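Each remark here refers to the structure printed beneath this line.
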Amino acid sequence: MIHYHADSRTFALLGKASVYQIRISEKGEVEHLGYCSLPQANDLPRNWDRHIPTRTIRPTSSHQSFQCEYPAFGDTSLNDVALKVSFPKAARIDPATEAPHEPVRDARLRYAGHEIGSVGDPGFAPKHGLPVRSKSPRTGLKIRLKDELYPFYVTLFYRLTPEHDIIERWVELENACEHPVEVEKLAFASLSLDAFHWEITHVSGGWCREFQIERHTLHTGRFVWGSQAIITGLSTNPFFLLNQSGGATESVGEVLFGALAYSGNWEISAEVQERGGLRLSGGYHSLDFRMSLAPGEKHRTPAMVWGRSSGGWSGASQQLHAWAQDYVLPRPATHAPYLPVLYNSWEVAYFNIKEEEQMALARKAAEVGVEMFCIDDGWFGGRRDSKAGLGDWVVSKDILPRGLQPLIAEVHQLGMSFGLWVEPEMVNQDSDLYRAHPDWVLHFPGRARSEYRNQKLLDFGRPEVVAHILEQLDRLLQENKIDFFKWDMNRYATEPGSAAGRDIWYRHVAGVYGIMDELRRRHPHLSIESCSSGGGRVDFGMMGRVEQFWASDNTDAKHRILIQEGYSMAYPVRTMECWVTHERNHQTLSFLPLSLRFDCAMRGALGIGTPLNKITPEELEEYRRRIAFYKKIRPVIQDGILHRLERAEDRGTSVWQYMEAGGQRAVLSLLAHHAAMLKTPPRLRLHGLIADACYRLTDFTGQELGRASGWSLMTLGYSSLSNNGAENYSETILLEVCPE
Ligand code: DGJ
């Protein structure tokens, strides 16, 4: 619900438990008044308008304490800004008093009107036309601002999802001047907060160690993080959680959070200003950013997603998860309600694809209960290793002389769906595509073309390149009954020379989104996984196009615990693809038991990547039982509410509880990250159970481990029956209300 009080020109955006208030100041600037928990449930006080001060509520009207909702460079801005534009020609010059200092690098945005109602979609929103889970219409607010002198407009958009206390914000620029306007910095949104000791949680990392949680206090100055790799990035991710220092835990405390719904270069800045106030903003990365808006041209940015929770960090994550599940993830009617158990042959065969071996793996996979069989890299063109073939999306007759058909037919006949790996943005020098079009890659004339993993990045700034890739993939889908693409992306953009000039940074993203959207529109049964050397392209922009993400190339369960904890901070674990791989891990070379490998992989969407054709019948039987158990608990894992009861860093064991809506079933997942033998095992107080119901606890074999009432599990807690201080200990337990 959005309220407006005309006398004080104040807006209140009301969520289920939060209120976001802004007003138009006397000068026509948009002032942020506050974003906080609702002091009373579900509504504003009666006669809310009488509670609104008619003048600014700051102790001083100095610009330094003015909390500008979307500050622009120039005017009285002193600190970080959301927008920087320059006008090549002065609107007017008084030769008696003014020098012709052009371009005019100064914008003064003032209120020019507003609308409450439907606000449409942010920029780069999916165009595939597939439904999302929720059908509820959402209201929003548009505030139109105009420069004092130039017909240059900035519209601030707010779209409210009250049931999850989420506000998406974005902006649209419109150049109605007679000359182009240069945009040098463009944030999707910014937010000014009062002076406190702020503590921020975000993730950092790299290849094989994505999503490492970091938490630190913000000090005076600017903390900026982002990606300039043309993708979301492995080294960090565009979201944060913010609380007053010491004011939050996993389950309690006020937490404000933000995330960008965009898969290209981005930056988020948190600036503690001279007087202690905090200014947050997020949007396009400023490095090499320059957008020229022609007369009459508009640009609408992607969204920055905001929310606040009083349920601590887990509460913040739950709101983002629920919002993404309801409003972001595509839900084609043709798809099963839960993500299938996947088999991927990458760590078994690598580039060495042989039809007979893949058939054998498929048969074993079907036997143990796998539902989707995916062939990874190596099936196309001259791709026998990483040096050749990228760009040629045709089945290699050398290794699959009968094509893909017999393999697909076998997989389908075994009752599984069929998936295929692709890396559409790339080309190897040794490929037919590159031989035909050496000018189709990002490069600068006269400069050597760099390679990473022996590959170059196609120039998606050329419409003909995007069209060519779309048609190749579309033909592949028309000629073969492919149900799933694992869409990979394994190099950064370095030398960004493109037909699109500097616009390549976002034109590349638009190209990728455009191909995905069009493929999904033409083939609604298709599902997609986003992979980028692991978790390099996980974000809410991509989530609108895909079912799942490959969170990391690191499949060592001990490492995965931390990666998955970080992933779960923002993203629903339903979307987190996790494989059980070799006993001796290929990335870290450490040995881990099957129990831990399964218990860790079952935390998200379960996948298998082991040589099933080479393991003993006893072990195969264990796979079968564990996969059957996963299918039983899958609705709770994939659609339940996640509570991180303990993080690995707390006492050595990571404990997650998934809670089904209604409280009938829960799943408890305990994974020892490091041995904590001498520490008392935690008594785990569970959440959301039905107090007077009796719960039966069972393990993957169906064996009953005990019974306890909801009340006792929530107040006295659960103590693990096994030795949870031990190295490699893990348990996944189903809790179900006992029949009367
Ligand atoms: C990187 C991915 O992260 C891996 O899972 C695998 O698909 C390889 N690429 C294939 O080249």
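At-a-glance table
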item	result
Rounded to the nearest 10 Å², the accessible area of residue 690 at probe 1.4 Å	50 Å²
Volume of the Cα convex hull of the chain, divided per residue and given in Å³	168 Å³
Solvent-accessible area, 1.4 Å probe, carbon plus sulfur percent, for the chain	52 percent
Positive-pole candidate from 312, 368, 378, dipole of region 275-391, charges at beta carbon	312
Sequence ranges 261-268, 283-290, 397-404, 637-644, ranked by mean other-Cβ count within 10 angstrom, highest first	261-268, 637-644, 283-290, 397-404
Long-range amide H partners of residue 608 with built H, under 5 Å	342, 343, 344, 580
Nearest 10 degrees, 0 to 90: helix 463-479 Cα axis against the chain principal axis	30 degrees
Cα long-axis angle, helix 617-639 against the chain (0 to 90 degrees, to the nearest 10)	30 degrees
Equivalent ellipsoid semi-axes, region 67-327, via Cα gyration tensor eigenvalues times 5, rooted, Å	32, 22, 18
Average accessible surface area per residue within region 530-650, 1.4 Å rolling probe, Å²	25 Å²
Simple Cβ-charge dipole of the chain, Lys/Arg +1 and Asp/Glu -1, about Cα centre, in debye nearest 20	740 debye
Of the GluC sites (Glu not before Pro) in region 134-203, those whose Cβ has at most 11 other Cβ within 10 Å and which sit in DSSP loop	178
Proximal lysines to residue 298, defined as alpha-carbon separation beneath 21 angstrom and excluding residues fewer than eight positions away on the same chain	84, 89, 127, 142, 146, 185
Heavy-atom accessible area per residue - region 67-327, 1.4 Å, Å²	36 Å²
Contact order relative to length of region 67-327, as percent, for alpha carbon pairs under 8 angstrom and 6 or more apart	21 percent
Amide hydrogen neighbours beyond the local backbone of residue 718, cut-off 5 Å, H modeled	684, 685, 686
Value of Rg/Rh across region 644-737 [Cα atoms, Kirkwood radius]	0.96
197, 321, reordered so the largest accessible area comes first (probe 1.4 Å)	197, 321
The chain: angle of helix 504-522 to the longest principal axis, Cα-based, in degrees nearest 10	50 degrees
Computed Rg/Rh of region 439-485, alpha carbon atoms with Kirkwood Rh	1.12
Residue among 15, 458, 516 farthest towards the positive dipole end of the chain, charges placed on Cβ	15
Calculated from backbone phi, Karplus (6.51, -1.76, 1.60) coupling profile of region 172-178 in Hz, x at Gly/Pro	10, 9, 9, 9, 9, 6, 8
Region 644-737, relative contact order in percent, only Cα pairs under 8 angstrom and at least six apart counted	34 percent
Dipole magnitude of region 644-737, debye to nearest 20 (Cβ charges: Lys/Arg +1, Asp/Glu -1, about Cα centre)	220 debye
Table column - 3J(HN,Hα) (Hz), region 221-233, Karplus curve with 6.51, -1.76, 1.60, x for Gly and Pro	x, 10, 10, 10, 9, x, 9, 10, 9, 6, 10, 4, x
Heavy-atom accessible area order for 715, 610, largest first, 1.4 Å probe	715, 610
Hz values of 3J(HN,Hα) by residue in region 684-694 - Karplus curve (6.51, -1.76, 1.60), Gly and Pro given as x	9, 8, 7, 10, x, 7, 7, 4, 9, 8, 9
Of the trypsin sites (Lys or Arg not before Pro) in region 101-200, those whose Cβ has at most 11 other Cβ within 10 Å and which sit in DSSP loop	135
Taking the chain and dividing mean pair separation by its residue count, relative contact order in percent (alpha carbons under 8 Å, at least six apart)	10 percent
Residue 586 accessible area, 1.4 Å probe, all protein chains in place, Å² to nearest 10	80 Å²
Residue (of 47, 228, 388) at the positive-pole extreme of the chain, dipole from beta-carbon charges	47
MRE, 222 nm, helices only [DSSP H, n ≥ 4, -39500 (n - 2.57), over the chain, to nearest 500]	-5500 deg cm²/dmol
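The values are calculated or read from the model by the stated rules, or taken from the named source; none is laboratory data. Owing to the predicted nature of the structure, the values given are computational and were not obtained by experimental measurement. Every residue, glycine among them, receives a Cβ derived from its backbone with ideal geometry; neighbour counts consider all protein chains shown. Please note that ligands, DNA and RNA were not included when accessible areas were found on the heavy atoms of the full protein model with its side chains. Shrake-Rupley method; radii C 1.70, N 1.55, O 1.52, S 1.80 Å.
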